[in-house]
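These notes concern the structure reproduced below.
The values are calculated or read from the model by the stated rules, or taken from the named source; none is laboratory data. The model shown is predicted, which means the values in this text are computed figures rather than measured ones. In this analysis, Cβ positions are derived from the backbone assuming ideal geometry, glycine residues included, and neighbour counts consider all displayed protein chains.
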Amino acid sequence: MLKILAWEFGKLIRLRSVQIGLAAALLLPFLWAFAPGLRGQYGLELVSGWQVPALVLRTSMEFLFPFLVAIASAEVLGSEVSMGTLKSVLLRPSPRWRLLLAKIAMVLLYPVLLLAVSLLGSLVAGLPFGLGGFFGGTGLGPGDFAGIGYISPGTAFREVLRAHLLAAMVLWPLAALALLFTVIFLSTTSAALAAVSTLFLMRLLVVFPVLKDFLFTSYLNLYVSQQVATGLSLMLIYAVGFAALALLIFERKDI
Amino acid sequence: MNDTVSTGTAMPPSAALEAQSLVKRYGRKPVLEGITFGVQPGEVYALAGPNGSGKTTLIRLLTGLAFPTSGTVRMLGADLYNGGHAARRALGAVVEAPAAFYPHLTGRQNLEMVAFLSELQGSETKIREMLVKLELLAVADQPVRTYSLGQRQRLGLASAILHEPQVLILDEPTSGLDPQGISRVHEILSELAWKGVAVLLSTHHLREVSAYADKVGILGGGRLLDEVRLGSKGERYRLRVSDPARAYAFLRTVPGVHNVSLRDVSVVFEGSPNAALAALVREGYQVQFLEPDYFDLYEYYRERVKHA
């Protein structure tokens with residue numbers, strides 16, 4: 001299985017959508033950190049490089065990162081369908097679930113990779129503002145950007161890392177959903193479109209208060225919350241559910 | 001001539017690959033209906049049929065890529081759909097033309113991946129042997145994206161036979177190959193069949209495969225219209241004669257001449273050409289020519305599909 005995971009990782013990083021996504025995640029922090037209209041838009045004056053990651057997360061988690069994850073997750077399997085290699089692999093005496101399990105691992109790994117690169121870009125972009133201790137907040141811990149007093153570099157890093165891990169994890173249901181749609185439609189475009197449409201639809205469904213707590217879009221900003229247990233559990237249930245459904249359908253899917 | 005045409009569905013139990021009453025429908029639309037046939041070890045079975053006749057769907061069903069609405073496929077006795085992935089251990093297949101590979105990997109790396117997924121032991125030597133056999137050694141370490149169509153087809157065949165399968169299924173194996181490549185593929189397939197591999201291939205090149213196929217299945221409208229067994233050749237004769245209708249009726253009474261039929265202005269028969277010729281001359285018929293009537297699979301196929 002390790003060899004298959006290594007192959008799948010090699011294929012993942014060669015996907016055009018993944019390369020574009022990672023490049024965007026690396027470069028966008030520089031855009032946000034030095035944007036001239038930053039104060040006007042967010043009412044924020046950066047006082048520390050530790051605040052750049054929060055700024056990047058707030059701007060990217062609204063749409064960009066979910067969109068990039070949906071596209072890349074659809075392409076993980078969709079590219080194999082369009083190249084014809086899926087058939088070649090499935091002809092071998094290897095169970096279908098093993099291949100899809102490796103694909104699921106990759107679509108769950110991608111948000112982590114995306115957020116890790118974004119964090120790296122954010123910290124590098126934050127260097128001119130300094131990465132030492134400061135009075136204020138990272139925007140990702142107690143007191144938001146105002147903070148609750150002096151914050152050490154270690155504490156700031158922990159807050160930023162926790163937020164990025166949470167941001168990656170809340171993208172897992174969307175990644176698993178995009179893969180599920182690819183299994184159903186066997187097409188990158190259709191699956192990505194269906195996943196993005198679901199994302200939009202869920203955002204609209206907040207007008208029904210009874211549904212709000214069950215929409216995974218309600219938890220895309222979980223990374224700023226200090227109470228994450230319920231939201232995170234729900235996200236994991238969604239991700240596991242979508243992945244299990246994809247495995248079930250793929251087992252008897254006509255290719 | 002012993003060419004026989006049969007539509008029977010009885011099948012010996014020793015078939016390496018057997019399809020039983022395969023039906024495939026998409027919604028209410030039938031694509032394949034009641035397909036039953038078998039391929040014996042060492043037999044080359046060619047599937048022919050016009051576009052849309054269901055060849056590709058049948059190949060997907062036979063390789064386990066798709067699942068039938070009803071019916072079963074057995075590979076060396078194991079149920080392909082309910083026997084788990086292990087039932088595919090005996091299978092080697094190329095289901096697309098040209099064969100699909102990871103373009104960023106070299107030919108050798110693609111074969112290494114195939115060997116790993118096929119649980120092949122001692123793969124390095126076998127891969128080298130296969131690259132030599134398919135004349136791909138010179139390009140083995142180049143990315144597949146740089147390969148020509150013919151090279152990709154040959155790599156496809158290499159990947160299908162690398163693990164020495166007992167059942168080989170190929171969709172248009174000579175598509176995109178030059179005459180030399182076609183002849184090499186035919187040689188390899190004949191050699192594999194000689195070694196006992198059951199070979200099933202789909203093709204439009206009937207005259208090519210009739211040189212080495214044992215049986216041809218003709219698909220039309222989702223049904224197996226005919227199975228033509230290609231036997232020994234040269235035992236059927238065709239003659240052009242004055243008043244062919246009367247000559248046809250007369251020859252039917254001549255001892256040593258049988259299976260007489262009228263084909264346009266020619267009379268076709270099996271049996272002794274000397275007896276037929278002597279009897280006709282004796283009765284005063286003017287025989288213009290007499291020659292062996294080689295079975296023309298292509299003509300037969302055209303007739304069979306036209307009347308389907």
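Within region B:115-135, track down each residue that is within 26 Å of the chain's Cα centre (by Cα) and either surrounded by 16 or more Cβ atoms within 10 Å (Cβ to Cβ) or within 14 Å of chain A (Cβ to nearest Cβ) (or both).
Selection gives B:SER118, B:MET130, B:LEU131, B:LYS133, B:LEU134.
Quick one: A:TYR238 ticks every box in (1) among the aromatic types (Phe, Trp, Tyr); (2) without any contact (Cβ under 8 Å) to a residue 12 or more places away in the chain; (3) in contact with a helix residue (DSSP H, G or I) (Cβ under 6 Å, 6 or more places away or on another chain) except a single one, so which number is it?
Result: A:TYR238 passes all but (2).
When you check B:VAL185 against the structure, is it buried (at least 22 other Cβ atoms within 10 Å of the Cβ), within 23 Å of the chain's Cα centre (by Cα) and not acidic (Asp, Glu), yes or no? Before the answer, list the steps.
Values: buried (at least 22 other Cβ atoms within 10 Å of the Cβ): no; within 23 Å of the chain's Cα centre (by Cα): yes; not acidic (Asp, Glu): yes.
The answer is no for B:VAL185.
Of the conditions (1) over 23 Å from B:GLU164 (Cα atoms); (2) within 14 Å of chain A (Cβ to nearest Cβ); (3) assigned to a strand (DSSP E or B); (4) not polar (S, T, N, Q), B:GLY92 clears all except one; give me its number.
That leaves (1) as the condition not met.
Looking only at helices (runs of 4 or more DSSP H) that lie completely in region A:93-212, which have at least 1 residues being closer than 22 Å to A:ALA33 by Cβ? Give the steps one after another, and end with the answer.
Values: elements: A:96-126, A:153-170, A:172-185, A:188-204, A:209-212.
Passing ranges, in order: A:96-126, A:153-170.
Which residues, taken from region B:264-289, are surrounded by 12 or more Cβ atoms within 10 Å (Cβ to Cβ) and in a strand (DSSP E or B)?
Hits for region B:264-289 are B:SER266, B:VAL267, B:VAL268, B:PHE269, B:GLU270, B:GLY271, B:VAL287.
What are the residues in region A:29-48 that are surrounded by 19 or more Cβ atoms within 10 Å (Cβ to Cβ) and part of a helix (DSSP H, G or I), if any?
Across region A:29-48, the qualifying residues are A:PRO29, A:TRP32, A:ALA33.
Given the criterion more than 26 Å from B:VAL31 (Cβ to Cβ) and not polar (S, T, N, Q), identify the matching residue among B:ALA78, B:ALA86.
Being more than 26 Å from B:VAL31 (Cβ to Cβ) and not polar (S, T, N, Q) holds for just one of B:ALA78, B:ALA86, which is B:ALA86.
Kindly indicate whether any position in region B:136-143 is more than 7 Å from chain A (Cβ to nearest Cβ), more than 26 Å from B:LEU200 (Cβ to Cβ), in a helix (DSSP H, G or I) and touching a Leu at 6+ places or on another chain (Cβ under 7 Å).
yes
Among the residues of region A:196-214, is any away from chain B (no Cβ under 14 Å), of a type outside the set (Asp, Glu) and in contact with an Asp or Glu (Cβ under 9 Å, 6 or more places away or on another chain)? Can you show your working first?
From region A:196-214, those away from chain B (no Cβ under 14 Å) are A:196-214; that's our starting set.
With of a type outside the set (Asp, Glu) added as a condition, the list becomes A:196-212, A:214.
Okay, now just the ones that are also in contact with an Asp or Glu (Cβ under 9 Å, 6 or more places away or on another chain), so none.
No, every residue in region A:196-214 fails to be away from chain B (no Cβ under 14 Å), of a type outside the set (Asp, Glu) and in contact with an Asp or Glu (Cβ under 9 Å, 6 or more places away or on another chain).
Could you identify the single residue in A:VAL81, A:VAL89 that is assigned to a helix (DSSP H, G or I), without any contact (Cβ under 8 Å) to a residue 24 or more places away in the chain, surrounded by fewer than 23 Cβ atoms within 10 Å (Cβ to Cβ) and within 14 Å of chain B (Cβ to nearest Cβ)? Talk me through it step by step, then tell me what you get.
On the way: A:VAL81 fails: without any contact (Cβ under 8 Å) to a residue 24 or more places away in the chain.
None of the other options fit; the residue is A:VAL89.
Take the conditions within 22 Å of B:ARG60 (Cα to Cα), at pLDDT 90 or above and not hydrophobic (A, V, I, L, M, F, W, C) and apply them to B:ARG145. Does it pass? Talk me through it step by step, then tell me what you get.
On the way: within 22 Å of B:ARG60 (Cα to Cα): no; at pLDDT 90 or above: yes; not hydrophobic (A, V, I, L, M, F, W, C): yes.
Considered against the rule, which asks whether it is within 22 Å of B:ARG60 (Cα to Cα), at pLDDT 90 or above and not hydrophobic (A, V, I, L, M, F, W, C), B:ARG145 comes out as no.
Sort out which residues of region B:191-246 are without any contact (Cβ under 8 Å) to a residue 40 or more places away in the chain and touching a Lys or Arg at 6+ places or on another chain (Cβ under 6 Å), and write them in order of number.
Once the filter is applied, which keeps residues that are without any contact (Cβ under 8 Å) to a residue 40 or more places away in the chain and touching a Lys or Arg at 6+ places or on another chain (Cβ under 6 Å), region B:191-246 yields nothing.
Just one of the numbered conditions (1) surrounded by 21 or more Cβ atoms within 10 Å (Cβ to Cβ); (2) modelled with pLDDT under 95 is not true of A:PRO173; which one?
It fails just one condition, (2).
Is it the case that region A:35-56 has a residue that's of a type in the set (D, E, K, R), on the phi < 0 side of the Ramachandran plot and more than 14 Å from chain B (Cβ to nearest Cβ)? Please lay out each step first, then the result.
Of all residues in region A:35-56, those of a type in the set (D, E, K, R) come to A:39, A:45.
The next check asks that each one be on the phi < 0 side of the Ramachandran plot; those that pass are A:39, A:45.
When the remaining residues are screened for being more than 14 Å from chain B (Cβ to nearest Cβ), the result is A:39, A:45.
Yes.
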